[in-house]
Amino acid sequence: MPPMAIDLEPATGIEPVAEFRARARDWLRDHLPPAPPGPAESYSEGAWDRARQLQRILYDGGFAGICFPAEYGGQGLSPAHQLAFTEESIPYEMPLLLNVPTLSICAATLLDLGTEEQKRAHLPAVLRGEEILVQFLSEPRGGSDLAGLTTRAERDGERWILNGSKIWSSGAYAADYGLCLARTNWDVPKHRGLTLFLVPVHAEGVTVQRIKQVTGSTEFCQEFFDDVALPPEAVLGQVDAGWEAASQLLGHERAALGGTSPYTSGARPHLGGEANQLVELARATGQFGDPRTREDIGAARAMNVVRDQLIEHVTAAITSGALPPAAGAITRLFSAENAWLQTDTAVRIAGPTAATHAPGDPADTTQVGLDYLFRAAWSLAGGSTEMARNVISERVLGMPREYAADRDVPFNQVEHGRR
């Protein structure tokens, strides 16, 4: 079949959004199956293989990486084109597992910081579904103090030797590369001695262990690095400038979880108890006529409207420069609070069946209890909600930074683990 002719706007050389939307609608209908019922994400081995397949279908159809530059395998289009495609793609099966963190966080960071060689080596492979990227940031003893990490990379001639451990890395068992923040200089304050590395997950010396959560899911992982040898081209950004690199990465993470990233396609991550699901849940449990239940569903619907309008407003403001990229923390915080409301409302409607779902109970109650068990994750994903408030106060509103006892102290002089 010959390629479809595309009309371009003379002033910009870019296909008009309305025509792009119509073309995407026709292509999606002809090439992708309907979205499967139930929760939007699964972390089985088969689900990752399927995500890679779907990503390749998007790539071959010319709809992968809509906002990534064409020279790296993307389409070189605008966020408005991406939004149009996302809206049209929601009814279809999409590679949602690759949205976060591969596309919206790690690939976006590579686009910002990578050398030309790194971008040409990895971004087209990501957009073809051949590479999955994850984050190696948090550490078992680190809490929310990311800059206080102790995973280290030491020079050995031209190589770097990586030792230490990372944790809470979503999907690391299925990944090909991880963006790993390590300490490369212990003689300077903690923020100044870090470097970001691109680490092959299957390299010799890397061990990945899956962590079973209270929901039974095992997508979180812990990684152990034992004398992992990395070439000089594994450095992403500049040596000892890892905090600046991590700050850009975390900005992309907040945008992804807050809904403002221009690099994701398809439905947003499952947040539990979305309002349309609450209606079906109320009907299944015989409570749809109850005035209190209807008020709760109305409040949940209103919060979703506010969330979507906030995302639209903040995205436009960041794109125009009216707000700094750190403003993504606003939507990240609101999305977390909205997820709590949606989940809590679902539990109120489901009642005891949220905890005791058994054969014969309404099918709509199956996911409610699991969503509630996962509720706390929305306080932590992308940095805790407390950290989001700090980012908003300091980097958006310009308020003074909070006190830190180890600021400007060389990291090898900072006391650790004392009581």
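Of the residues making up the range 391-419, those that are over 29 Å from Asn185 (Cβ atoms) and either among the small types (Gly, Ala, Ser) or in contact (Cβ under 8 Å) with a residue 40 or more places away in the chain (or both) number 4.
Can you find a residue in the range 333-347 that is open to solvent by 50 Å² or more (accessible area, probe 1.4 Å) and not in a helix (DSSP H, G or I)? Within the range 333-347, not a single residue is open to solvent by 50 Å² or more (accessible area, probe 1.4 Å) and not in a helix (DSSP H, G or I). Based on what the data block shows, is Gly398 farther than 17 Å from Ala255 by Cα, outside any helix (DSSP H, G or I) and small (Gly, Ala, Ser)? Yes; evaluated as a whole, the condition is true for this residue. Do you know which of the residues in the range 61-70 that are in contact with a helix residue (DSSP H, G or I) (Cβ under 9 Å, 6 or more places away or on another chain) and without any contact (Cβ under 8 Å) to a residue 40 or more places away in the chain is farthest from Lys119 (Cα to Cα)? In this case the residue turns out to be Gly61.
Determine whether the range 215-224 contains at least one residue that is under 28 Å from Ala326 (Cα atoms) and exposed (fewer than 15 other Cβ atoms within 10 Å of the Cβ). Within the range 215-224, none of the residues are under 28 Å from Ala326 (Cα atoms) and exposed (fewer than 15 other Cβ atoms within 10 Å of the Cβ).
For the range 93-113, check the following and say yes or no: at least one residue is acidic (Asp, Glu), farther than 19 Å from Pro262 by Cα and touching a Phe, Trp or Tyr at 6+ places or on another chain (Cβ under 7 Å). No. Provide a single number: the residues in the range 180-203 that are out of contact with any helix residue (DSSP H, G or I) (no Cβ under 6 Å at 6 or more places or on another chain), under 19 Å from Ser169 (Cα atoms) and either assigned to a loop (DSSP other than H, G, I, E, B) or not β-branched (Val, Ile, Thr) (or both). Matching residues across the range 180-203 total 7. Scanning the range 175-222 for residues that are in contact with a Lys or Arg (Cβ under 9 Å, 6 or more places away or on another chain) and either of a type outside the set (Lys, Arg) or not assigned by the TED database to the domain that holds Leu236 (or both) yields a count of 17. A residue that is more than 30 Å from Thr150 (Cβ to Cβ) and not assigned by the TED database to the domain that holds Pro37 can be found somewhere in the range 250-259.
Scanning the range 111-159 for residues that are farther than 28 Å from Trp48 by Cα, part of a loop (DSSP other than H, G, I, E, B) and open to solvent by less than 30 Å² (accessible area, probe 1.4 Å) yields Gly142, Leu149, Thr151.
Here the range 297-326 is the region considered, the condition is being in contact (Cβ under 8 Å) with a residue 40 or more places away in the chain and touching a Ser or Thr at 6+ places or on another chain (Cβ under 8 Å), and the residue that is nearest to Leu278 (Cα to Cα) is Ile297.
For Trp243, state whether it is touching a His at 6+ places or on another chain (Cβ under 8 Å), of a type outside the set (Asp, Glu), under 22 Å from Leu380 (Cα atoms) and open to solvent by 40 Å² or more (accessible area, probe 1.4 Å). Taking the combined requirement at face value, the residue satisfies it.
Being outside any helix (DSSP H, G or I) and of a type in the set (D, E, K, R) is a property that holds for Asp361. In the range 375-390, the residues that are open to solvent by 20 Å² or more (accessible area, probe 1.4 Å) and modelled with pLDDT of 90 or more form Cβ pairs under 9 Å with partners that are in a helix (DSSP H, G or I) and among the polar types (S, T, N, Q), at six or more places apart or across chains, as follows: Glu386/Ser379. When the range 388-419 is filtered for residues that are within 18 Å of Ala326 (Cβ to Cβ), among the hydrophobic types (A, V, I, L, M, F, W, C) and in contact with a helix residue (DSSP H, G or I) (Cβ under 8 Å, 6 or more places away or on another chain), the ones remaining, listed by number, are Ala388, Val391, Ile392, Val396, Met399. The residue that is modelled with the highest pLDDT, among those in the range 252-277 that are assigned to a helix (DSSP H, G or I) and buried (at least 24 other Cβ atoms within 10 Å of the Cβ), is His252.
Against the definition (modelled with pLDDT of 95 or more and not assigned by the TED database to the domain that holds Glu45), how does Ala153 come out, yes or no? Judged against the criteria, Ala153 is a match. If you go through the range 171-189 and keep only what is in contact with a Phe, Trp or Tyr (Cβ under 6 Å, 6 or more places away or on another chain) and either at pLDDT below 95 or open to solvent by 30 Å² or more (accessible area, probe 1.4 Å) (or both), you end up with just Trp186.
Checking the structure you have, find out if any residue of the range 13-33 is at pLDDT below 95, open to solvent by 50 Å² or more (accessible area, probe 1.4 Å) and of a type outside the set (Asp, Glu). Yes, because at least one residue in the range 13-33 is at pLDDT below 95, open to solvent by 50 Å² or more (accessible area, probe 1.4 Å) and of a type outside the set (Asp, Glu).
The values are calculated or read from the model by the stated rules, or taken from the named source; none is laboratory data. Just so you know, these numbers come straight off a predicted model, no measurement behind them. Ideal geometry is used to build each Cβ from the backbone, glycine not excepted, and the neighbour counts take in all protein chains shown. Just the protein is used for accessible areas: all its heavy atoms, side chains included, with ligands, DNA and RNA removed. Shrake-Rupley method; radii C 1.70, N 1.55, O 1.52, S 1.80 Å.
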